[in-house]
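First up is the structure itself, then whatever we jot down about it.
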Amino acid sequence: MSFSLSESNDTIIALATPQGVGAIAVIRLSGKDAIRLTNEVFFGKNLEKQESHTIHFGTIRDGEKIIDEVLVSLFISPKSFTKENVVEISTHGSSYIINQVIKLFLKKGARPAKPGEFTQRAFLNGQFDLAQAEAVADLIHADSETSHQAALSQMRGGFSSEIQQLREKLIHFASMIELELDFGEEDVEFASRTELQELVERLLRVVEELILSFDLGNVIKNGVPTVIAGKPNAGKSTLLNALLNEEKAIVSDIAGTTRDFIEDEINLGGVIFRFIDTAGLRETTDTIEAIGVSRTQEKMKTASLILYLFDLGDTDLVEINRDVNKLENLGVPFLKIANKIDKGNPELVSELKSKYPDTIFISAGNKENLEGLKAKILELVNLDKFKTGNTIVTNVRHYDSLIKTRDSLLDILRGIDEQITNDFVAMDIRRSLHYLGEITGEITTDDLLANIFSKFCIGK
Ligand code: GDP
């Protein structure tokens, strides 16, 4: 499906800066008449005679009434974000002024922009592909260094160009096979089955890697779900607080005061960790049972990381062994953390050092060795993949298309294996091409577009 500039003939307007009072507000217009409409209400000079990428001082007037002194930036089509004529008006940041200016433009014939409509127009006019457009949304919402980097690299096309290259290779094969079909009975082979198989296997490897990266991408976007597990009074709330550096969890001498799961986030080395405080552990005093408390166990299973905490003054090796076994069966990466080193217990410390040399010794209460703990946390959540600049899929829609691509690629392989006829192989290839195209927006439906861009905020 292709779109043309003519489909977005009307001129849209929206506040581009956040709502509320600020020193300056920027109102943005995009569309064929953006400059002409602005010129009708702008006094200072004739904006229609100015060059692109210039800024002009003047007043915005509603008839005789001056609304504000403003700066107007001009971007003449196609040299703008949307590739249409774009005007950005910097006004003083009062909501009264903003409303008056926008109302004036609506009266002149502009219409309010829908959520994401500027980005949608940019996409429709070929400024970037769909994956990049979606990255714009991610970038706006990115709240940590890593999520920012993932969105930025996607927006700049890292992700899409890889997909596009793969797709082109497959298109080549598809056309070869279609050619064979045209020759029908003659039994010519333009596309070597072995080569096709090799290409599909290569594609599969890349697609599978992208699928795997989704877990990591998800973690980067939403935070690493982390559980602090341990007996009552082990120091879980204290540790959480120490890590959060503020009193968000209730610390108490009395076991059972933290009744509900408290979820909170900390940013360690640019990675968000979403902490789930396992108050459920307090519901029973026996550790083994505690880890078995179903609610806690459910939480622990969904975690990507468990911090298993025990009180050095109140635990023995037998108990720790049992807990470690339980945790190993759970299959979630975990750290063994011995708390309250200030209390001593040299015997258990040396037992631990020989049996579990990876134990981390801390004092949550005295904030001792928290840096060591943080380093171990980061080490366990291996983000090296990301740091090497590999492509990471963070978008559920892309993930979905990748899964469908993988399935249809597997169908191609199966078809080759079972020596099915060309027309069926061609069908499977077309299916793969379709799903790959969905990611970059070469194949779209209006519903899909509406769905994607409605998630943007107005003015974007
Ligand atoms: P939770 O039940 O596991 O959440 O344990 P809390 O965080 O409520 O801590 C229980 C008690 O242990 C509180 O009185 C804390 O002040 C104390 N505590 C926590 N960490 C330390 C520590 O490193 N050293 C000592 N001596 N006490 C600690």
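Quick note: the coordinates plus some simple rules give every number you see, no bench work behind them. Here the structure is a predicted model, which is why all the values come from computation and not from measurement. Neighbour counts run over all protein chains shown; Cβ positions are idealised from the backbone, glycine included.
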What are the ³J(HN,Hα) couplings of segment 75-81, residue after residue, when phi is run through the Karplus curve with 6.51, -1.76, 1.60 and θ = phi - 60°? Round to Hz, x for glycine and proline. 10, 8, 3, x, 8, 8, 4
Check Ile360: other-chain or 5+ apart residues with amide H under 5 Å from its amide H, H built from backbone geometry? Lys336, Ile337, Ala338
Fully extended, how many nm does the chain gain between Asp358 and Thr17 (0.36 nm per residue separation, minus their Cα-Cα distance)? 117.8 nm
For 76-83, 356-363, 419-426, ranked highest to lowest by mean beta-carbon neighbours within 10 Å, the order is 76-83, 356-363, 419-426
Per the rule of 0.36 nm per residue minus the C-alpha distance, extending His92 to Lys343 adds in nm 84.3 nm
Given the peptides 315-328, 92-105, 43-56, arrange them by the average over their residues of other C-beta atoms within 10 Å, most packed first. 92-105, 315-328, 43-56
Considering the zone a paramagnetic label at Phe57 would reach in this model (a point 7 Å from Cα along the Cα-to-Cβ line), which residues of segment 83-118 have amide N under 16 Å from it? 90-92
Can you pull the one-decimal nm distance between simple spin-label points at Arg111 and Glu351, each 7 Å off the Cα toward Cβ? 7.5 nm
Express in nm, to one decimal, how much length is gained between Ile66 and Phe183 on full extension, taking 0.36 nm for each residue of separation and deducting their alpha carbon distance. 34.7 nm
So how many Lys-Lys pairs in segment 5-128 land under 14 Å Cα to Cα, not counting same-chain pairs under 8 apart? 4
Provide the FRET efficiency to the nearest 0.05 for the Asn9-Ile420 pair, computing r from the beta carbons and using R0 = 56 Å. 0.70
Within segment 5-128: Cβ-based charge dipole about Cα centre, in debye rounded to nearest 20 (Lys, Arg +1; Asp, Glu -1): 120 debye
